[in-house]
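Notes follow once the structure below has been shown.
Rule-based calculations on the coordinates, nothing more; no lab input. Bear in mind the structure is a predicted one, so any value in this text is a computation, not a measurement. Cβ: placed from backbone, ideal geometry, glycine included. Neighbour counts: every protein chain shown.
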Amino acid sequence: MNGAEFIVRILIKSGSRTVFGYPGGTVLSLYDSLYRHRSEIRHVRTSHEQGSAHAADGFARMSGKPGVCIATSGPGATNLVTGIANAFMDSVPVIFITGNVEHSLIGTDSFQEVDIVGMTLGITKHSWAVRSPDMLIDAMTSAERICMTGRRGPVLVDVAKDVLDCDSPDYTDALEMFEPFSQTETACGAKTETAPDEEEISGVLGLIAESKKPLVICGGGVRQAGAGEELIEFARSAGAPVCQTLMGIGTLEPDEPLNLGLMGAMAGKAAKKALNECDLIIAVGARLGNKVADISGLVSGGKKLVQIDADRAEINKIVKADAYIASDAKMALRGILARSGGIAGRKPWLTRDSFAENVSGVQKHDLKKGFVDPEDIFAAVKKGAGNSLTVASDVGLHQLYTASHFPLGPADRFISSGGLGTMGFGIGASIGAKIAGPERTTVLFAGDGGFMMSMNELATVAAEKLPLIIIVMRNGELGMVREMQRKYCGRRYSQTKLGLKVNIPRLCSSFGIDGVRARTAVEIEQAVKDAVCENRAVVIEVRTVLRGAEND
Amino acid sequence: MTKTMKTISILVDNEAGVLARVTNLFSRRGYNIDSLAVGTTDDPAISRITVRVDCDSRVLEQIIFQVGKLVCVHKVKVLDDSMRVSRELTLIKVKADEASRGGIIDIAQVFRARIIDLTPDALTIELTGDGEKTDALLDMLRPYGVIEMARTGIVALDRGSESIADSPYVFD
Ligand SMILES: Cc1ncc(C[n+]2csc(CCOP(=O)(O)OP(=O)(O)O)c2C)c(N)n1
């Protein structure tokens, strides 16, 4: 057995049924093995390695299992870098496998040689520069475990071509002995989740008891830990309303009165009021990044902070917490609930009456004929698409609109690039998400800028016959940057007017995908319904106007 | 918060690329390394990194737990300033002719440094110390003309029987 065959068989034994990637010279033998095993493992070739990386990322977000992405050396590997960084910032488990030049050529600037391990040191959880069969065995038998334990994240296995090509007698035994990682294992080991400490729990309970106005910030860690139910139970017993970060959206039911929706620039009135008036912030699985809130400012203004995080390094990172639990959100919240006699049954100090209060005070515009207001777009798509959706977004104003205006709950999945804010993420990610969750209607909201950055992947959507529903919110602008220019550059809109002449429906039909230009909410709803009904892909272009929150 | 010089010991796998991972983390997160020394331990599979960083207590905590997340890192210990012994080896090559040689040797003696190489126009001094002594010696030698020098970086251990095995920061 050669290294390539070993890799493919380990992936199969781990339960990977789909991998994403793009072939090339150094991974010839890997693709040969994939060909041999094509009935056991599906390989999706995208148009560009970045698309593969985002697809593996979307697959992982959707399935809760690691995505796998393969690329060749040199440009294949460098094309992955944005995708690796994206997965790292959002703590998504992806196994990236790259070929490299033959081990004897490494360090000689040989053709298509790059030090991809060196380049990605700061954006991988771990990586291996594999130059021998031993190292390949070590890498492939521990990759999934490292991705999945503790705070999740991407790993990179960079394999010299000769290791892929050559046989080793050790592979058979290693394969035999290999025990696939099982989810239940995540509960042990120090680099992994630690059970909550009783003293830490007491500290947190003490602060909650003292607080009159506690507010929960729910991040992506809650969903990753499968702790949505515990979170709402906790919030109810503490009488605390809940705001969500972009990664946390969808954790609570949209009609839950304690659910104050999205935080940050597009936060609704209720969320802003809660953040201003609360006396205690309880951050759960949220790293409190600078786009969420000015946490240092809030704490120095007298608010207390509790952090619950699986990653001990997140505790006290931005500002010193008054109490913390360094543990996975599910275990921590269960620990609190088991002892919460003292706080149970408190009346919430703030709730909101309707979902509309979660939506920022964006003024409605007098829209020209043929334009549709974003709120009406979301309502029409929701009506047409139904329940239990996968909703993905690209990056820009439309992304924040989707996160705040589209009613997303625990039955849905929201897939969006949070930490890196990667334009061009959407199409690749929804390809992966649809493959991981084929039973769900999958809708992507993209801006016209981000769509143009990644529309090459429509070829993949067509080739794989993926019934994606892609809504292009055509505002003719790089909306989010334009908003910054409006605020900070005296309305000098340098390079943010797109002036796009492209006929999107015709572009799509040349890819073999239905393209529709919808001029009214009714047309949108109908186009969505038709696509769902006929189980086919559609790109719906809608002219609209997107503006940032006026009160920001 | 006040910054002070901290001495941190890190036990890592003795493997290719490990030092790059640790130093990459320090530079990426903006922790300033004042001194760094690496070598194997009594267990050939494990190396010990001794790093000195000028930082406040919150950054120190960040360093411990960020470094701890690296798969190649096993233990981290912050050495107490009053409860550690530390040493740095320095070699200094100074211009020395017949006229100046005597003065330089006198200085070296005061610092308990040794002369380990001598030629008609230069001599090389070896000094072992805790770092500060090295700077003082260097100041004294500068007027004679320092040709070049090399420092190992500081290595340190706890006093008494305490060791890194007693550290609460275990990341296995
Ligand atoms: C790869 C990349 N390049 C640039 C940016 C900076 N950027 C953030 S949002 C944005 C505008 C996005 O425009 P569009 O896709 O049309 O969406 P809109 O904001 O109009 O909804 C840009 C350029 C980015 N986030 N990612």
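Laid out as a table, the results:
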{"quantity": "Loop sites in region A:352-391: trypsin sites (Lys or Arg not before Pro), DSSP, at most 16 other Cβ within 10 Å", "calculated": "A:Lys364, A:Lys368, A:Lys369"}
{"quantity": "Ordering of A:9-16, B:52-59 by burial proxy (mean other Cβ atoms within 10 Å per residue, highest first)", "calculated": "A:9-16, B:52-59"}
{"quantity": "Cα pair count fraction exceeding 43 Å, expressed as % - chain A", "calculated": "20"}
{"quantity": "Listed pairs A:Lys497/A:Lys529; A:Lys320/B:Lys69; A:Lys383/A:Lys434; A:Lys269/A:Lys383; A:Lys382/A:Lys434; A:Lys269/A:Lys434 exceeding 22 Å between Cα atoms", "calculated": "A:Lys497/A:Lys529; A:Lys269/A:Lys383; A:Lys269/A:Lys434"}
{"quantity": "Test item: A:117-125 mean partner chain Cβ contacts at 10 Å", "calculated": "3"}
{"quantity": "With at most 15 other Cβ atoms within 10 Å, longest stretch of chain A clear of loop GluC sites (Glu not before Pro) (DSSP)", "calculated": "A:41-438"}
{"quantity": "Calculated P(r) of region A:413-511 - Cα pairs past 21 Å, %", "calculated": "39"}
{"quantity": "For chain A, calculated [θ]222 nm from helices alone, where every DSSP H run of n ≥ 4 adds -39500 (n - 2.57)", "calculated": "-11000 deg cm²/dmol"}
{"quantity": "Within region A:284-344, trypsin sites (Lys or Arg not before Pro) in DSSP loop having at most 16 other beta-carbon neighbours inside 10 Å", "calculated": "A:Lys291, A:Lys320, A:Arg339"}
{"quantity": "Given 14 as the ceiling on other Cβ atoms within 10 Å, longest exposed-site-free region of chain A for chymotrypsin sites (Phe, Trp or Tyr not before Pro) in DSSP loops", "calculated": "A:112-492"}
{"quantity": "Cα centroid separation, region B:54-117 to region A:125-176 (Å)", "calculated": "38"}
{"quantity": "Between helix B:98-110 and chain B: long-axis angle, C-alpha atoms, 0 to 90°, nearest 10", "calculated": "40"}
{"quantity": "Choice from B:Ala122, B:Ala37, B:Ala113 with maximal GNM fluctuation in chain B (Cα, 10 Å cutoff)", "calculated": "B:Ala122"}
{"quantity": "Antiparallel DSSP beta bridges within region A:3-188, percent to nearest 5", "calculated": "0"}
{"quantity": "Shielding by other protein chains, A:481-488, mean Cβ within 10 Å", "calculated": "0"}
{"quantity": "Kirkwood hydrodynamic radius of region A:3-188, Cα pairs, Å", "calculated": "15.9"}
{"quantity": "Region A:146-294: relative contact order in percent, alpha carbon pairs under 8 Å with at least 6 residues between", "calculated": "23"}
{"quantity": "Per principal axis, descending, Cα span of chain B in whole Å", "calculated": "59, 38, 35"}
{"quantity": "Shielding of A:312-319 by partner chains, average beta-carbon count, 10 Å", "calculated": "5"}
{"quantity": "Centroid-to-centroid separation of region A:296-354 and region A:222-239 [C-alpha atoms, Å]", "calculated": "11"}
{"quantity": "Kirkwood Rh (inverse of mean 1/r, distinct Cα pairs), region A:374-543, angstrom", "calculated": "15.9"}
{"quantity": "Net length gained if the chain between B:Glu126 and B:Val170 were fully extended (0.36 nm per residue, minus Cα distance)", "calculated": "12.2 nm"}
{"quantity": "Rel. contact order, % - alpha carbon contacts under 8 angstrom, at least six apart, chain B", "calculated": "28"}
{"quantity": "Rounded tilt (10° steps) of B:132-141 against the dominant C-alpha axis of chain B", "calculated": "30"}
{"quantity": "Sparsely packed trypsin sites (Lys or Arg not before Pro) within region A:473-527, loop by DSSP, other Cβ within 10 Å at most 15", "calculated": "A:Arg491, A:Arg492, A:Lys501, A:Arg519"}
{"quantity": "Average Cα contact separation per residue, chain A, under 8 Å, 6 or more apart, as relative contact order %", "calculated": "14"}
{"quantity": "For A:Glu541, distant residues with modelled amide H under 5 Å away", "calculated": "A:Val472, A:Val516, A:Arg517, A:Ala518"}
